[in-house]
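Below you'll find the structure, written out as structure tokens, and then a few comments.
Since every read-out is calculated from the coordinates, none of them should be taken as a lab result. Bear in mind that the values here come from a model prediction, so they are computed numbers and not experimental data. All Cβ positions, even for glycine, are placed from backbone atoms using ideal geometry, and neighbour counts span all protein chains on display.
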Amino acid sequence: MGKLVYGHNNREYEFDDRVLAHLQIVFQSKLRHRDNFFFSWSRTNERGGGRVSLWIDSSIPLAFEYLGGRRPALNRAWLEVMMSSGATVGGLELLPEPADAAPEVGSQKTTTA
């Protein structure tokens, strides 16, 4: 499990490294275009349930910490679904990976999403 470290108080949120890698690409794309947005996800029952929403802004410290040393393969379809979700009024939702889309072999191919 990797961590999204956010805010001036370095609040940590755990995500699977594969999920985190996809989020990093979406965040960097949106922030590069100066798009601030809400990022929301549901917590599992083991973590108390409920939902979390963060306001993502380029002026707020943000770090991605990975547990593993290898870059996960990226799934272009998943990136596109999350980018589309991020363009809505509700903001970016952490959506499940599309079942019909296989991960691409290298992560370098999809970093321009």
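Identification of strands (runs of 3 or more DSSP E) wholly contained in the stretch 15-90 with 3 or more residues that are exposed (fewer than 15 other Cβ atoms within 10 Å of the Cβ) yields 51-56.
May I ask you to list the residues in the stretch 1-12 that are surrounded by fewer than 17 Cβ atoms within 10 Å (Cβ to Cβ) and in a strand (DSSP E or B)? Matches in the stretch 1-12: Val5, Arg11, Glu12.
Here is the figure for the stretch 78-95: residues that are in contact with an Asp or Glu (Cβ under 8 Å, 6 or more places away or on another chain) and either in contact (Cβ under 8 Å) with a residue 12 or more places away in the chain or more than 16 Å from Leu31 (Cα to Cα) (or both) total 3.
Among the residues of the stretch 1-14, count how many are farther than 15 Å from Ser53 by Cβ and not charged (D, E, K, R).
6
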